[in-house]
Amino acid sequence: MKHIKSFVRYALSLSLTALFLYWAFEGVDLDSLRSAAAGASPFWIVVLILTTLVTLALRAWRWVVLLRPFAPTVTIWDASIALAICYTGNAVIPRSGEALRAFSLKWKRDASVSSVMATVVVERIIDLIWLVFLVGASILLLRTRIQDVYPWMGGALVLALGFCAALVVSLVLVSVFRQRALELVGAVIGHVSQRLADTVVGLLEKFIGGLAALRSPSAYAEILISSIILNIGYVTLMYQAFLAFGFDESHDLGAGAALVVMAISSLGFVAPTPAGTGSYHFLFAGSLELLFGVERGAALACATVVHLVANLSYIVIGAPALLLQRLRRKRQISSHQTPSPTGTQ
């Protein structure tokens, strides 16, 4: 039964990917797309790769802050490799990377998998709050144009802001009252479904565990500073992509446009598609074309190159690292199970 559910989820993910790719590339002249991609500046592509690796290290820094109470020996290098493994896994099977990065730190630093997953929950909540904030900033920058092109976005943002506010308040209450809050949540949701109640309570317990790093003002400061620099890095990546394709000159696209396209295209990663494939292209190219007048083929070429550069950068690091860590782990297990010359273990 479990295998059937996994197969169905993966089939739905691939179907959704195919649908978004169809929407993104429908009616596009492939020759113009290839021509635009071939015309990208090699220099800025190299800079794009380097900046991608810098953002990986910045995200690793923030994650290490959350990991300190559970795994103080984990370094930024360890976390960077684990994140590269995570993104490699997500490029194949959506959401599979979260477990892989937890196992990476288990194999490398003997970190508790459940504790690492607790920090992943906290990190995802932080990402969600930042995404809502950045989309809101984008709407303020191009309010009229965005409302014309994406009329649903304003209402969705209000709902998202309300959800985030309620989420933050709820999580603060849960973190303060802990066991009493968990019992109350379990009892309330249990009237609807005990299975759902167990799932929600389990997630909340992980969140509480992940908050262990945030008991000092310095940890809050590090997470805030690293998050700000990380998101500046993502905007910089987008602006570098504009420079690579000459959009800064042909369409006068600057940092404001980079922020808008980055925020809107990031919504594509919410969809359960492998590494945001399809959904990312659809939103990235759509925002460039509809908001800034970039020709569809060039917009899709830019989206494809940015997506490809990021994922190849992660895979080149993550795939060999996962293989090496897995082989090293197997050797360790094998050596522990091999009897000694005296017949004892």
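The values are calculated or read from the model by the stated rules, or taken from the named source; none is laboratory data. Note that this is a predicted model, so its numbers are computed, not measured. Cβ: placed from backbone, ideal geometry, glycine included. Neighbour counts: every protein chain shown.
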Those residues of region 102-127 which are small (Gly, Ala, Ser) and without any contact (Cβ under 8 Å) to a residue 40 or more places away in the chain amount to 102
Out of region 84-101, which residues are free of Cβ contacts under 8 Å to residues at least 24 places away in the same chain and surrounded by fewer than 24 Cβ atoms within 10 Å (Cβ to Cβ)?
96, 98, 99
Taking the condition within 30 Å of residue 8 (Cβ to Cβ), at pLDDT 90 or above and buried (at least 16 other Cβ atoms within 10 Å of the Cβ), does residue 282 pass?
yes
Within region 245-279, how many residues turn out to be modelled with pLDDT of 90 or more and among the aromatic types (Phe, Trp, Tyr)?
2
List pairs: first in region 22-49 and under 13 Å from residue 306 (Cβ atoms) and hydrophobic (A, V, I, L, M, F, W, C), second at pLDDT below 90 and assigned to a helix (DSSP H, G or I), Cβ under 6 Å, 6+ apart or cross-chain?
none
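In the list 34, 9, which residue meets the criterion of being modelled with pLDDT under 95 and closer than 23 Å to residue 245 by Cα? Give the derivation first.
Numbers: 9 fails: closer than 23 Å to residue 245 by Cα.
Selected residue: 34, the only one of 34, 9 that is modelled with pLDDT under 95 and closer than 23 Å to residue 245 by Cα.
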Within region 106-149, track down each residue that is buried (at least 18 other Cβ atoms within 10 Å of the Cβ) and modelled with pLDDT under 75.
146
Cβ-Cβ below 7 Å, separation at least six or inter-chain, first residue in region 175-202 and of a type in the set (A, V, I, L, M), second loosely packed, with under 15 Cβ neighbours inside 10 Å: which pairs?
181/173; 189/196
Determine if region 22-33 includes at least one residue that is exposed (fewer than 14 other Cβ atoms within 10 Å of the Cβ), more than 20 Å from residue 297 (Cβ to Cβ) and within 24 Å of the chain's Cα centre (by Cα).
no
What single numbered condition from (1) under 15 Å from the mean Cα position of the chain (by Cα); (2) on the phi < 0 side of the Ramachandran plot fails to hold for residue 276?
(2)
In region 285-318, what count of residues is obtained for those that are touching a Lys or Arg at 6+ places or on another chain (Cβ under 8 Å) and surrounded by 18 or more Cβ atoms within 10 Å (Cβ to Cβ)?
3
Counting just the residues of region 112-128 that are of a type in the set (Ser, Thr, Tyr) and over 16 Å from the mean Cα position of the chain (by Cα), which one comes out farthest from residue 72 (Cα to Cα)?
114
Scan region 262-285 and report the pairs whose first residue is over 14 Å from residue 127 (Cβ atoms) and touching a residue at least 24 places away in the same chain (Cβ under 8 Å) and whose second residue is among the β-branched types (Val, Ile, Thr) and part of a loop (DSSP other than H, G, I, E, B), with Cβ atoms within less than 6 Å and a gap of 6+ or a chain change.
279/273
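Suppose the filter is farther than 21 Å from residue 206 by Cα and buried (at least 18 other Cβ atoms within 10 Å of the Cβ); does residue 55 pass it?
Details: farther than 21 Å from residue 206 by Cα: yes; buried (at least 18 other Cβ atoms within 10 Å of the Cβ): yes.
Yes: the conditions hold for residue 55.
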Among the residues of region 228-271, write down those that are part of a loop (DSSP other than H, G, I, E, B) and surrounded by fewer than 23 Cβ atoms within 10 Å (Cβ to Cβ).
246, 251, 252, 254, 271
